1. Please go through the stretch 159-186 and give me each residue that is more than 21 Å from GLY237 (Cβ to Cβ) and in contact with a Lys or Arg (Cβ under 9 Å, 6 or more places away or on another chain), ordered by number.
2. Scan (1) in a helix (DSSP H, G or I); (2) in contact with a strand residue (DSSP E or B) (Cβ under 9 Å, 6 or more places away or on another chain); (3) in contact (Cβ under 8 Å) with a residue 60 or more places away in the chain for the single condition ASP257 breaks and write down its number.
3. Which of (1) at pLDDT below 90; (2) in the same structural domain as ASN269 (by TED's automatic domain parsing) does VAL97 not meet, given it meets every other one?
4. Among SER287, SER235, which is assigned by TED's automatic domain parsing to the domain that holds ILE172, under 21 Å from VAL135 (Cα atoms), in a helix (DSSP H, G or I) and of a type in the set (S, T, N, Q)?
5. Please work out if LEU64 is in a helix (DSSP H, G or I) and modelled with pLDDT under 90.
6. If a residue must be basic (Lys, Arg) and either touching a residue at least 40 places away in the same chain (Cβ under 8 Å) or surrounded by 10 or more Cβ atoms within 10 Å (Cβ to Cβ) (or both), how many such residues does the stretch 105-119 contain?
7. Can you tell me which condition ASN214 does not meet? The list is (1) in contact (Cβ under 8 Å) with a residue 24 or more places away in the chain; (2) within 28 Å of GLU126 (Cα to Cα), and all the others hold.
Amino acid sequence: MELQQIRYFLEVANSQHVTRSAQKLHIAQPALTQSIHRLEKELGVPLFLPSGRGIVLSEMGRYLKNRLEPMIRELDSLPEQLQTLAALSCETIHLNVLAASTMITEAIIEYRQKNGGVSFQLMQNEKSDMYDIAVMTKLFYRAREEDDCFVCTERIFLAVPNNGMYCGKKKIRLEEVRNEGFISLLGSRQMRWICDKFCQHAGFQPKIIFESDNPAAVKNMIAANMGIGFWPEFSWGSIQSDQVLLLEIEEPICRRDILISLKRNKVNNAHVEDFFCFLKEYFMRASLKSSSEA
């Protein structure tokens, strides 16, 4: 099958009228008819059947139409995707932020104060590879660090009310809160998946009383003492509430790796590489500060 044959077939399949399709395609009707016949001969099945003075799709024709249409839509979208890729060559740093979004935002603010000419575009798409720098999280990342990626490990605390059984505590075993109500991110988030694994290791499924796909909403609900929840030590910063304690989880050990990777998409990667180095230093500072406060 040639691409032109496919487009001719889909046009006739949608109009089910050869004359109108030929006019729309700006070709002679006999040439369009011959193209359809060649395609049918190549496939060995009839794609159209006569119906009165017109034609209708055969069963095989309908199947072929349903299979080809998504492929052609994807093919037709390639120019736009290539234009997006070409846009990566401008002075815009494209970030795919799947973890530590608060920390990344704060890093951008600090960086922009000294580098005002650089713009940023953020997205959250696990399937996209149209980015300069990606930030994601893993339960445990085993690969060694290289020039194009670095890993920062952070502890995950448990945020609890500063009263009752928790008053005066600094550490806790996760199994102690098996009956508490959790405030959590939605299940599609990598952070949520990791925290669910911690609970499974402790022998229970968390009882979710509130969940959101917005990390800021989850943070605010926990900080308002509406329930308990997991709190990554430096990605989310301090809790800013005297009513809530951040407890270190003794069992299981609750940590995650934040992986930041660089893609060299551009002819001139100077801005991207500079921000990547800045991020590495920024995360190291946050990690050292957290360690000194522990």
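The values are calculated or read from the model by the stated rules, or taken from the named source; none is laboratory data. This is a predicted model, so every value here is computed, not measured. Note that each Cβ is placed from the backbone with ideal geometry, even for glycine, and that neighbours are counted across all protein chains shown.
1. ARG178, ASN179, GLU180, GLY181, LEU186
2. Of everything listed in (1) in a helix (DSSP H, G or I); (2) in contact with a strand residue (DSSP E or B) (Cβ under 9 Å, 6 or more places away or on another chain); (3) in contact (Cβ under 8 Å) with a residue 60 or more places away in the chain, ASP257 misses just condition (1).
3. It fails just one condition, (1).
4. On the way: SER235 fails: in a helix (DSSP H, G or I).
Result of the check over SER287, SER235: SER287.
5. So LEU64 fails the test.
6. Summing the residues that are basic (Lys, Arg) and either touching a residue at least 40 places away in the same chain (Cβ under 8 Å) or surrounded by 10 or more Cβ atoms within 10 Å (Cβ to Cβ) (or both) in the stretch 105-119 gives 1.
7. ASN214 satisfies all of (1) in contact (Cβ under 8 Å) with a residue 24 or more places away in the chain; (2) within 28 Å of GLU126 (Cα to Cα) except (1).
This table checks each residue for (1) crowded, with 21+ Cβ neighbours inside 10 Å; (2) of a type in the set (S, T, N, Q).
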position	(1), (2)
LYS171	no, no
VAL177	yes, no
ILE209	no, no
PRO215	no, no
PHE230	yes, no
SER238	no, yes
